[in-house]
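Reading through the structure tokens given below for one structure.
The values are calculated or read from the model by the stated rules, or taken from the named source; none is laboratory data. Quick caveat: nothing in here was measured; it's all calculated off a predicted structure. Cβ coordinates were reconstructed from backbone atoms using ideal geometry, including for glycine residues, and neighbour counts include every protein chain displayed.
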Amino acid sequence: MEAAPFPSAFTPKSLSPPSSSSATSQSLLYFRSNKARLKLKSPRAFSVRAASRGGDSVVTLLDYGAGNVRSVRNAIRHLGFDIKDVQTPEDILGANRLIFPGVGAFASAMEVLNKKGMAEALCTYIMGDRPFLGICLGLQLLFESSEENGPVRGLGIIPGVVGRFDASSGLRVPHIGWNALKVREGSEILDDVGNHHVYFVHSYRAIPSNDNMDWVSSTCNYGDNFIASVGKGNVHAVQFHPEKSGDVGLTVLRRFLSPKSHITKKPTEGNASKLAKRVIACLDVRANDKGDLVVTKGDQYDVREQTEENEVRNLGKPVDLAGQYYNDGADEVSFLNITGFRDFPLGDLPMLQVLRYTSENVFVPLTVGGGIRDFTDANGRYYSSLEVASEYFRSGADKISIGSDAVYAAEEYLRTGVKSGKSSLEQISRVYGNQAVVVSIDPRRMYINSPEDVEFRSTRVTNPGPNGEDYAWYQCTVNGGREGRPIGAYELAKAVEELGAGEILLNCIDCDGQGKGFDIDLVKLISDAVSIPVIASSGAGTVEHFSEVFEKTNASAALAAGIFHRKEVPIQSVKEHLLKEGIEVRI
Ligand code: 1PR
């Protein structure tokens, strides 16, 4: 059957063909003919009948299987609610309250919703003014269409087109990090949130207009003002991730889940005004010689004690430390499985367990890296890097980080000039979005006298080399710094951005564990070269090192390990110092 056409006012130039049923299209027309004002209409008018509703402590979750919604599940359970998964459209209609954490790409989400008859049920449910909370893509799908790989039709409940952030003026896209909201008065679930940062990770957004103003409950500024949340009656949706926004985000979820309950734990007074610089705690994880998984930390990547026994340094248990850093105010926690290059991570079940346990109690983004590549095990079973990444995502990771394999992919791309589409980087970012893929670079400083001495991009160094060299290039390595490759950090960063990386974790082997500060020359070189966010890593020793890297470079985040593990500099002190220096951070 043919779908009803878009009313001309909302018809984008070339919409991809709808795969929806005509009933869905009728729902869309209903909304449009009502100028998208939410009117109550009996769900009985629709063919799909409601199943029986769950109890008061039950939340219905619409997980259409396109990605990781584990953190949303964890947050709901943490707040004391049970979860009922949507299996059929009837489950949507039978929900007491429905959470829709959209993940993946707009087009594939709409395709699944249409195919399963869930688009119609969703429209009916929302038209009925029933308690609804959409998250991220779960907000975008409410709009008429999206430009993401499209235009592609959405549910058409809210007027407007979802478009990509404009990176042409130097804006870093994806928009990743903690940003401030401008909250409309009386926005209910967002009360108290106005002065706080919440966590965003997205490349597409909807813009407020006269047509959708009656829906907009908050906006956020990044390049321009975009819609951070919508709300009308019992229907809400947020572009940010409440399940990843610490206590503030949990408060938003709690207000949605129990609107009448008294919020005992009010967030502290905040002063958020823009995108904050992030402070990230990193845990290098590996098995020690007894086979226990421990957090270790190297000096220039050497993680063994300088003793006769030469044992692997043990700085604590991964799950405990991650929990502690969350409580201390870390904006993100990264796990690097540093022996992943030789030990297959899916055989390394303890690492997956670490992620599972951590994500139950840590409500900020978790990144995991190490060993993401294609692999054939001893029995000849082949695992694609996508399978490895999927297992990490399923276990609670929000982002995965690729080291060695990204170097090989970039080398190949620079050699052939062709994007094969087959590298782990390309495959994973295609399925999970580039905001979910970090490339971790492990460069080593190579001093030279003149930029002409090498074919790679070099930079003038602040401190000359041992023989008075004024320049350096940064050689990429693989396998935990064990092997140098014929590619510079600059060339790698540019190539992986083109191949689909959403963020760069920029280590420096020379500075790692030295406590003498970040390699400012390197961070500046790379953060000026790419338009995706760059995380400065390696060398933090004092709070001043953090302000220095943010003042002198375009880094979006700074990561440290040793000083946090050895409790030399607490995360709170770093943040207080940055605030004092006028650098916005999440408190
Ligand atoms: O190549 O995809 O299997 O990924 C391996 C990952 O493990 C890479 O991200 C690589 O950086 C990391 N890795 C491998 N070997 C080591 C090692 O230390 N022997 N750790 C290692 C890298 C560097 C930082 C560190 C900062 C901050 N660790 O992440 O945490 O330098 O430390 P600091 O604040 O104490 O100076 P693949």
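A few notes on this one:
- Residues that are over 22 Å from the mean Cα position of the chain (by Cα), assigned to a helix (DSSP H, G or I) and within 14 Å of the ligand (Cβ to nearest atom), drawn from the stretch 549-580: Val549, Gly562, Ile563, Phe564, His565, Val574
- For Ser531, the conditions (1) surrounded by fewer than 19 Cβ atoms within 10 Å (Cβ to Cβ); (2) of a type in the set (Ser, Thr, Tyr); (3) touching an Asp or Glu at 6+ places or on another chain (Cβ under 9 Å); (4) assigned to a helix (DSSP H, G or I) all hold with the exception of (4).
- Considering the stretch 332-354, and only residues there that are out of contact with any helix residue (DSSP H, G or I) (no Cβ under 7 Å at 6 or more places or on another chain) and under 21 Å from Val279 (Cβ atoms), the residue that is nearest to the ligand (Cβ to nearest atom) turns out to be Leu336.
- Cβ pairs under 6 Å, 6+ apart, first in the stretch 313-326 and touching a residue at least 12 places away in the same chain (Cβ under 8 Å), second assigned to a helix (DSSP H, G or I): Leu315/His565; Pro318/Val354; Val319/Val354; Val319/Tyr357; Val319/Thr358; Ala322/Thr358; Gly323/Asn361
- Residues of the stretch 377-390 that turn out to be within 16 Å of the ligand (Cβ to nearest atom) and either in a loop (DSSP other than H, G, I, E, B) or more than 26 Å from Ala493 (Cα to Cα) (or both), as a count: 2
- Unique residue being within 16 Å of the ligand (Cβ to nearest atom), modelled with pLDDT of 95 or more and charged (D, E, K, R) when the list is Arg304, Arg286, Arg278: Arg278
- The set of residues in the stretch 493-517 being acidic (Asp, Glu) and near the ligand (Cβ under 7 Å from one of its atoms) consists of Asp512 alone.
- Of the strands (runs of 3 or more DSSP E) entirely within the stretch 102-189, those holding at least 1 residues that are acidic (Asp, Glu) occupy 143-146.
- Pick from the stretch 89-119, criterion closer than 12 Å to Gln140 by Cβ, among the aliphatic types (A, V, I, L, M) and buried (at least 19 other Cβ atoms within 10 Å of the Cβ), ranking: modelled with the lowest pLDDT: Val103
- Residue match in the stretch 427-446 (condition: among the basic types (Lys, Arg), surrounded by 18 or more Cβ atoms within 10 Å (Cβ to Cβ) and assigned to a strand (DSSP E or B)): yes
- Options Val431, Val439: the member that is of a type in the set (A, V, I, L, M) and either without any contact (Cβ under 8 Å) to a residue 24 or more places away in the chain or away from the ligand (no atom under 16 Å from the Cβ) (or both): Val431
- Annotation note: of Asp214, Asp247, Asp224, the sole residue that is surrounded by fewer than 18 Cβ atoms within 10 Å (Cβ to Cβ) and closer than 17 Å to Ser273 by Cβ is Asp224.
- Test for Arg373: is it within 16 Å of the ligand (Cβ to nearest atom) and either over 19 Å from Arg482 (Cβ atoms) or in a loop (DSSP other than H, G, I, E, B) (or both): yes
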